[in-house]
Amino acid sequence: MSLLEVTGLQKVYKGRRGGASVEALKNVNFSVENGEYVAIMGESGSGKTTLLNILAALDKATSGTVILDGMNLSTIKDSAMAMFRRDNLGYVFQEFNLLDTFTIEDNIYLPLVLAGRRPDDMRARLDKLVPSLGISEILKKYPYEVSGGQKQRAAVARALITDPKIILADEPTGALDSKSSDELLALFKQVNELGQTILMVTHSTKAASNASRVLFIKDGIIFHQIYKGSSSDTQMYQKISDTLNLLAQGGDLK
Amino acid sequence: MKAGLYPKIAADGIRKNGRLYIPYFITCILMVALFYIMHMLGFSGLLKNFEGGSTASDMLRFGTYIMAVFGTIFLFYTQSTLVKGRLKEFGLYSVLGMNRKNLGRIVFFETLISWLIAMTGGLIAGIGLSKLAELGFLRLVAVEVNYKFNLSVSSLVTTVIVYSVIFFLIFLNSVRRVRFASAINLIRADKAGEKPPKANWVVGILGFVILASGYYIAIKIKQPLSALVWFFIAVILTIIGTYLVLIAGSVLLCRILQKNKKYYYKTTHFVSVSSMAYRMKRNGASLASICILLTMILVMISSTSALYINREETLMNHYPRHIDAYASKYGYEKDYIEIAEKLRSGIDERTKEYGAAAKNEICFFNYCLSGYFENSYLNLDINPMENIMTIDYDKVAQVYFFDVDTYNRLTGSDESLSDRKVLAVVDGNLDVGNELKIGKETFDVVKKTDNSKAKLRNVISTNVVSTIYVIVDDVDKVASLYKDYKDPTGSPMLSWYWIYDFDTDLDAEHQTELGKILNKFVHDELSSKRFVNYCDSREYQRNDFIKTFGGLFFLGILLSIIFLVSCVLIIYYKQISEGFEDQSRFGIMQKVGMTKENIKKSINSQMLTVFLIPIIFACMHLAAVLPIIHKLLLLFGHNNMPLLLGCAGVCVLICGIFYAVIYKLTSNAYYRIVS
């Protein structure tokens, strides 16, 4: 069985007082295997953020099911939702979303503190992560004192520290310069090679070319997908941009 | 650009920021209204036809000045919070092509609109409420009320002028703030990444030390005279201490808590401790201001209400009998006894003529010296003016010389003494040995009694300065030993007192009348001889007491209303602005896995701390200054500690209830913003 199974997902935003309603997701079906690195691409308004929000249990689908590791998200009660997120999901945001009142270290600890872990346990988990992420220098600093790349690495650490089943990344390179982007993508790849499942929403062809599979979403449905297989990053890059061109021209691949 | 554009933009800006502006307008209106009321009651001559009315009016006049000053400071503070909240909007306007002059115009119209609302609202409310306030006031000072409606044009004009000036100053200040910020700064004004404050050990500890020393002074003081001197020092130390402790000390405390990993890394503590640490530096000042305002309210209301409620007892302490005749003079003169006898017989004669009989008479004279008392020695050579800083006011004491016959008569004792052998009746804090030295003379103390247990206490009450009553066999002889002692100004140190108190069988009105007759007699008899003298009736003085204490109480209430409203507004703005800051923060935390329940809990613990800190500190301050207030009230002749404590308790309770209501309202507003 797949780690994540999405079937017949639909999301309709109702207009206020009988205004026109918008169908952000029409009928989305896909699955993610354990240890996979999946990128979802699509233009603005294609519904990819809505999809990610539903996967992260931040939003509710109008119909359809999302099953993560055998658990149906729609059956989880509202009150248990935050706990579910905390224990099963790691989230990496475009805007880092670090809290400026905490040091980097405390920011990383946040989900563990919310889960009620003991301080020495938290410390042990952090010590395991620190070398691979290269954040040992900045642990005692505050977010405003470090660069964007460092912030995003801290955010990745925060996502990883709970040992989540899946990492959801929303445009993780969106606010980074190219060098920091490259570093972050390398980091993702490294994490994935250690067995971590990653689902990333992105605009960037370069970012997507790192993934083992790329899904294209347009007008609320999964339109197409490409497997990387044994092709190199450059070949993958080419495949993705060809597909994007085709999509932009309105071509029909089906 | 069209001329009507600026007023429209200004009005829109106010309407869209209603959450910020409505409380501001309410405060303005209240301030204007209370200013008008106070001015009207103080200046309109409403009370000038009543006995003692001028004291009450004076107090209200004084209150008007306080109101004007405080109003200016407070409206400035509020306005700067408002402008800060809108800098982003102004930044957008300036990006869209408005220059500073245009922005200035918007600010002008905004101030104009605020001014109009404050003025119309305030004056209408002021006029409407003035009759109510007047009735309340007149009731407090026990003057018969009429139900005619008064409108004071001069008060209206003054109010308009004063508040127009205040608003003009506010306008200049806002223009300055908007002008000196560049467009990009304006847009980013409230996003400027703020450094989390470092714990400042030196300042934090200094704050605690200063606060503790303020408390120490307040608690240590034993005598009303020193209370007068040290009160302001204690107050200033306490205020400085409060600011330092809340600004630096609280950050320090948070940092210490953060070091304790077991405590810090708990869901409930984690978020609140870190955001408190982050904010305290900024918020410490406003928390300290709230705390100081609350303390002022508590002190003001508890002391003035205690004075007012206890007025009858205070009056009795001052005037134990219906009629109180008094004469005193510096220096030693041979004919004092003669004068005393003449006064008494004159008063008795006139009382009889008036058709009344004197009962329960107390009549005596004594001599008094004051100096610096140490080791059973009353030093008469210390010049208090030269040693004003080094002198320990707790050691200032006075000695009353009584004749043993007078003493026996007053207390019903049967003591006999010989030359240089004396009885001493002593206030508890003075240490009198077997030998008592007063100036150059030494006396043997054959018997010593604590004043609080002595019978003399029922006859003479002095609470202001520590006193030793020295009972001697021949007071005239002893007094003559001191006739050449002069103080640094050259006037004699020895003074003579004569008192004649008695009751009558007259009603209140006639007592007053008799008092006036006797006063005239005493005056005619003594004025030419340069005696201080008076003859009062208790009934006449009752009016004065009520007017004074009632006026103080009323002033206390009015000022407290203003202070309380200011507290509310400071808290409200603080929480609202924090709510906007926290909006995104709690959003992030929810995404990371914080439950709604966790959020509620952490908000609650944060809010509770913010609310509780000032009131807890205020109560601590109140507790620390109560002893000193008690000493100061002694100067008014008020000696009722249980009542003062009771009043303080009730005040804390009322403030607490009011505070709880604000807490509820504010936290609701906060929740609405955050979720």
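In the range B:125-164, the residue that is surrounded by the most Cβ atoms within 10 Å (Cβ to Cβ) out of those that are touching a residue at least 40 places away in the same chain (Cβ under 8 Å) and β-branched (V, I, T) is B:T159.
Yes/no per residue for (1) free of Cβ contacts under 8 Å to residues at least 12 places away in the same chain; (2) within 25 Å of B:D503 (Cβ to Cβ); (3) part of a strand (DSSP E or B):
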| residue | (1), (2), (3) |
| --- | --- |
| B:A357 | no, yes, no |
| B:I362 | no, yes, yes |
| B:G371 | no, no, yes |
| B:L378 | no, no, yes |
| B:V399 | no, no, yes |
| B:R409 | no, yes, no |
| B:L430 | no, no, no |
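Annotation: of all residues in the range A:71-86 being surrounded by 15 or more Cβ atoms within 10 Å (Cβ to Cβ) and out of contact with any strand residue (DSSP E or B) (no Cβ under 6 Å at 6 or more places or on another chain), the one that is farthest from the other protein chains (Cβ to nearest Cβ) is A:I76.
If we scan the range B:240-258, do we find a residue that is within 9 Å of another protein chain (Cβ to nearest Cβ), surrounded by fewer than 19 Cβ atoms within 10 Å (Cβ to Cβ), out of contact with any Gly (no Cβ under 7 Å at 6 or more places or on another chain) and in a helix (DSSP H, G or I)? Talk me through it step by step, then tell me what you get.
Taking the range B:240-258 as the starting set, the residues that turn out to be within 9 Å of another protein chain (Cβ to nearest Cβ) are B:258.
Filter once more, keeping what is surrounded by fewer than 19 Cβ atoms within 10 Å (Cβ to Cβ): none.
Checking the range B:240-258: not a single residue is within 9 Å of another protein chain (Cβ to nearest Cβ), surrounded by fewer than 19 Cβ atoms within 10 Å (Cβ to Cβ), out of contact with any Gly (no Cβ under 7 Å at 6 or more places or on another chain) and in a helix (DSSP H, G or I).
So which residues in the range B:270-281 are touching a residue at least 24 places away in the same chain (Cβ under 8 Å) and more than 7 Å from chain A (Cβ to nearest Cβ), if there are any at all? The answer is B:V271, B:S272, B:M276, B:A277, B:R279, B:M280, B:K281. Pairs are defined by a Cβ separation below 7 Å, a sequence spacing of at least 6 or placement on different chains, a first member in the range B:239-268 that is under 28 Å from B:S289 (Cα atoms), and a second member that is of a type in the set (K, R); the pairs so defined are B:I247/B:K281; B:V251/B:K281; B:T268/B:K601.
Among the listed residues B:L494, B:L430, B:L514, B:L518, identify the single one that is touching a Cys at 6+ places or on another chain (Cβ under 6 Å) and of a type outside the set (V, I, T). Answer to the selection: B:L518.
Residues in the range B:573-587 that are farther than 18 Å from A:N107 by Cβ and either over 42 Å from the mean Cα position of the chain (by Cα) or within 12 Å of another protein chain (Cβ to nearest Cβ) (or both): B:E578 only. The listed residues are A:V38, A:V28, A:V6, and the only one of them that is closer than 30 Å to B:I599 by Cβ, part of a strand (DSSP E or B) and more than 14 Å from every other protein chain (Cβ to nearest Cβ) turns out to be A:V6. Among the residues of the range B:282-314, the one identified as within 14 Å of another protein chain (Cβ to nearest Cβ) and of a type in the set (S, T, N, Q) is B:N283. Within the option set B:G331, B:G284, being buried (at least 20 other Cβ atoms within 10 Å of the Cβ) and more than 12 Å from the chain's Cα centre (by Cα) holds for one residue only, B:G284. Of the residues making up the range A:162-187, those that are without any contact (Cβ under 8 Å) to a residue 60 or more places away in the chain and hydrophobic (A, V, I, L, M, F, W, C) are A:L176, A:L184, A:L185, A:A186, A:L187. Being more than 14 Å from chain A (Cβ to nearest Cβ), touching a residue at least 60 places away in the same chain (Cβ under 8 Å), within 38 Å of the chain's Cα centre (by Cα) and on the phi < 0 side of the Ramachandran plot is not true of B:S527.
Checking each residue in the range B:338-374 for being within 24 Å of B:A479 (Cα to Cα), of a type in the set (D, E, K, R) and in contact with a Lys or Arg (Cβ under 9 Å, 6 or more places away or on another chain) picks out only B:E374. Of the residues making up the range B:588-601, those that are within 10 Å of chain A (Cβ to nearest Cβ) and surrounded by 15 or more Cβ atoms within 10 Å (Cβ to Cβ) are B:I588, B:M589, B:Q590, B:K591, B:V592, B:G593, B:M594, B:T595, B:N598, B:I599. Taking the range A:106-115 as the range and being more than 7 Å from chain B (Cβ to nearest Cβ) and either over 15 Å from B:N598 (Cβ atoms) or among the small types (G, A, S) (or both) as the test, the residues that pass are A:N107, A:I108, A:A115.
In the range A:116-129 there is no residue matching the filter, namely being farther than 22 Å from A:L187 by Cα, facing chain B (nearest Cβ under 9 Å) and in contact (Cβ under 8 Å) with a residue 24 or more places away in the chain. Considering only residues in the range B:411-422 that are outside any loop (DSSP other than H, G, I, E, B) and of a type outside the set (S, T, N, Q), the one that is surrounded by the fewest Cβ atoms within 10 Å (Cβ to Cβ) turns out to be B:K421.
How many of the residues making up the range A:118-145 are closer than 27 Å to B:Q583 by Cβ and buried (at least 19 other Cβ atoms within 10 Å of the Cβ)?
Total meeting the criteria: 3.
For the range B:619-630, indicate whether the set of residues that are farther than 30 Å from B:T548 by Cα and either away from chain A (no Cβ under 14 Å) or among the β-branched types (V, I, T) (or both) is non-empty.
First pass over the range B:619-630, keeping only residues farther than 30 Å from B:T548 by Cα: none.
No; the residues of the range B:619-630 include none that is farther than 30 Å from B:T548 by Cα and either away from chain A (no Cβ under 14 Å) or among the β-branched types (V, I, T) (or both).
Only one entry in A:L58, A:L89, A:L99 is more than 17 Å from the chain's Cα centre (by Cα), under 19 Å from B:F586 (Cβ atoms) and facing chain B (nearest Cβ under 9 Å), namely A:L99. For the range B:207-215, the criterion of being assigned to a helix (DSSP H, G or I), touching a residue at least 60 places away in the same chain (Cβ under 8 Å) and within 19 Å of the chain's Cα centre (by Cα) is met by at least one residue.
FYI, it's all coordinate maths here, none of it is from the lab. Values in this document were obtained by computation on a predicted structure and should not be read as measured data. Neighbour counts run over all protein chains shown; Cβ positions are idealised from the backbone, glycine included.
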